Amino acid sequence: MRNVAIRSIAVCRRTDLAYIFGDVDLATPSALRIQSIIQRMTDEGLGEIGRLRAEIAVLHARVEELESALAERSSGGAAGGAAQPGAVSADAHTAFGPLAWLLTPARAQIHWRPDGTVTRWNDGAERVFGWSEGEAVGRRLSELVGADPVSPDAVRALLLDWAENRFASATSEGRTKGGQARLFRWTHAVLRDDSGGAREIAAIVEDTGDPPWSEHVLLGRLQLLLQLVDHSRNSIFVKDTDGRYVFVNRAHAEALQRHVLEVIGKNEIELSPLATEAIEQVVTKEHEVMAGGKAMQYEEVLRLGDTTIHFSTVKFPILDGRGEPMGLGGVVTNTTLLRHAEAERAALQEKIIVAQQAALRELSTPLIPIADRVVAMPLVGTIDSARAAQIMETLLSGISSQSAHTAILDVTGVRAVDEHVADALTRTARAAQLLGTRVVLTGVRSEVAQTLVTLGVDLSGITTLGTLQSGIAHALRNPGNQRSAG
């Protein structure tokens with residue numbers, strides 16, 4: 001029975017074998033393992049983490065098959081003649097598909113100091129240029145590759161904070177140890193020392209003379225990047241300078257309630273479910289980003305029907321090799337649920353604060369029954385207008401509920417008595433008297449008495465005593481008959 005092969009395609013979903021593996025022979029044991037894993041993934045209804053683990057297992061199975069194929073081809077090549085180290089046949093390139101670059105030898109990595117002295121030379125560099133690490137480290141780069149690929153001006157241009165992760169690419173002619181002239185691409189960055197100066201130039205070097213293999217490498221990297229972006233929960237997109245979509249990931253297409261293929265080539269007005277005013281707000285901000293020529297991060301609050309949606313947005317101009325804008329990129333996170341949670345938390349905190357304040361008010365104005373129809377209110381701390389009102393409310397309510405004939409106001413713990421405090425005390429006493437209750441003011445220290453006299457406070461009808469104890473004794477000795485019990 002003929003084996004059926006699945007060819008690589010560019011647009012697939014997560015579980016499509018063609019999207020992940022390129023050419024897969026479905027009759028091989030590894031392919032059967034792959035199908036078994038995917039079937040188990042479907043049958044068991046794995047969650048997000050389980051699905052990712054299953055995909056990793058699939059990748060391991062595919063890598064094992066590719067390694068086996070590579071070993072078989074290497075054995076076949078050895079039988080027909082010696083092969084160059086690290087060499088892979090054109091047939092192998094075709095068979096391995098877009099992810100074949102995962103199995104390639106290490107890419108050439110070279111580090112050198114600003115004076116040109118090589119400090120790092122890996123196996124990939126030996127494979128490309130022919131010099132071993134022992135031969136290369138300590139020598140000048142130009143002696144090894146026949147060129148100075150990164151100029152001093154280029155080094156100065158990249159001498160930035162390492163956190164910016166800036167790099168550049170340069171193409172230059174060079175030669176191998178055997179004297180062969182080739183064209184190399186140097187993707188490089190400048191590593192800084194503690195003082196901020198250039199410590200080393202680090203580069204990844206690629207031989208541009210193998211276009212078919214380079215295309216496979218590029219396609220493999222592109223597919224890896226696309227899978228990474230497509231699995232993001234954030235909306236990620238690219239627009240051209242006219243505002244038309246040229247790329248969207250799955251999350252953004254779902255936010256637009258469209259298929260990915262429906263989005264490409266259309267603009268915000270044609271696609272967005274937002275209100276017209278919200279669309280205009282989005283487009284205006286994008287024009288501002290393009291005009292400013294630099295990335296912007298901001299919060300957006302947009303209307304969708306009767307609903308308000310919150311977004312955390314990063315948008316940036318995409319520049320060509322000349323630094324001219326050729327499009328706009330965006331990464332957008334819907335933070336609506338987060339904002340709602342924050343609002344609920346703030347409301348809950350406000351309720352807690354109100355409850356705490358009520359509890360503190362009760363503690364700051366306690367009304368204590370001393371005996372039958374005798375109540376006492378010890379006051380502590382500072383009395384402001386809000387607390388004075390609370391004192392009056394609590395005392396009058398207690399007098400009514402207790403049918404009290406005597407109410408004792410003890411000011412021993414009051415820090416200071418000024419005009420406002422004195423007025424609050426006298427108004428409270430007058431209100432209690434209107435209910436037929438006698439008011440006894442205790443805890444009046446000498447300085448408090450002097451303040452009351454100086455202020456001319458009218459204490460007529462109010463009995464004043466030195467201590468709470470004497471006030472209680474006075475109330476018990478003189479039960480009074482101003483207020484009936486019923």
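Checked against (1) at pLDDT below 90; (2) exposed (fewer than 14 other Cβ atoms within 10 Å of the Cβ), Ala291 passes all but a single condition, namely (1). Scanning the range 297-308 for residues that are open to solvent by less than 50 Å² (accessible area, probe 1.4 Å) and modelled with pLDDT of 85 or more gives Tyr298, Glu300. Looking for whichever is part of a strand (DSSP E or B) and either under 19 Å from Thr241 (Cβ atoms) or open to solvent by 70 Å² or more (accessible area, probe 1.4 Å) (or both) here; the options are Gly265, Gly329. Which one fits? The conditions single out Gly329. For the range 169-180, the criterion of a residue being closer than 30 Å to Glu286 by Cα and either at pLDDT below 85 or surrounded by fewer than 17 Cβ atoms within 10 Å (Cβ to Cβ) (or both) is satisfied by at least one position. Taken as a whole, the condition of being farther than 19 Å from Ala371 by Cα, within 56 Å of the chain's Cα centre (by Cα) and open to solvent by 10 Å² or more (accessible area, probe 1.4 Å) does not apply to Arg430.
Only one entry of Ala255, Ala278 meets the criterion of being open to solvent by 40 Å² or more (accessible area, probe 1.4 Å), within 17 Å of Ser312 (Cα to Cα) and in contact (Cβ under 8 Å) with a residue 24 or more places away in the chain, and that entry is Ala255. Number of residues in the range 233-252 that are of a type in the set (Ser, Thr, Tyr) and either within 16 Å of Ser272 (Cβ to Cβ) or surrounded by 15 or more Cβ atoms within 10 Å (Cβ to Cβ) (or both) equals 2. Within the range 300-355, the set of residues being more than 26 Å from the chain's Cα centre (by Cα) and touching a residue at least 40 places away in the same chain (Cβ under 8 Å) comprises Pro325, Met326. Taken together, the residues in the range 387-415 that are open to solvent by 70 Å² or more (accessible area, probe 1.4 Å) and under 56 Å from the mean Cα position of the chain (by Cα) amount to 4.
Against the numbered list (1) open to solvent by 60 Å² or more (accessible area, probe 1.4 Å); (2) part of a helix (DSSP H, G or I), His474 comes up short only at (1). The set of residues from the range 194-205 being over 30 Å from the mean Cα position of the chain (by Cα) and under 18 Å from Asp153 (Cα atoms) comprises Gly197, Ala198, Arg199, Glu200, Ile201, Ala202, Ala203.
Rundown of residues vs (1) open to solvent by less than 80 Å² (accessible area, probe 1.4 Å); (2) at pLDDT 90 or above; (3) over 33 Å from the mean Cα position of the chain (by Cα), yes/no style:
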residue	(1), (2), (3)
Thr119	yes, yes, yes
Ala125	yes, yes, yes
Phe129	yes, yes, yes
Ser132	yes, yes, yes
Ser142	yes, yes, yes
Pro152	no, no, yes
Ala163	yes, no, no
Asp207	yes, no, yes
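May I ask you to list the residues in the range 209-227 that are over 30 Å from Val145 (Cα atoms) and either at pLDDT 85 or above or of a type in the set (S, T, N, Q) (or both)?
Step one: list which residues in the range 209-227 are over 30 Å from Val145 (Cα atoms), which gives 223-227.
Once the filter is applied, which keeps residues that are over 30 Å from Val145 (Cα atoms) and either at pLDDT 85 or above or of a type in the set (S, T, N, Q) (or both), the range 209-227 yields Gln223, Gln227.
Within the range 365-381, the set of residues being closer than 17 Å to His405 by Cα, open to solvent by less than 50 Å² (accessible area, probe 1.4 Å) and touching a residue at least 40 places away in the same chain (Cβ under 8 Å) comprises Ala371, Arg373, Val374, Ala376.
The values are calculated or read from the model by the stated rules, or taken from the named source; none is laboratory data. Nothing here was measured: the structure is a model prediction, and the numbers come from that model. No Cβ is skipped: glycine too gets one built from the backbone with ideal geometry, and neighbour counts run over all protein chains shown. Only protein heavy atoms, including side chains, enter the accessible area calculation; ligands, DNA and RNA are left aside. Shrake-Rupley method; radii C 1.70, N 1.55, O 1.52, S 1.80 Å.
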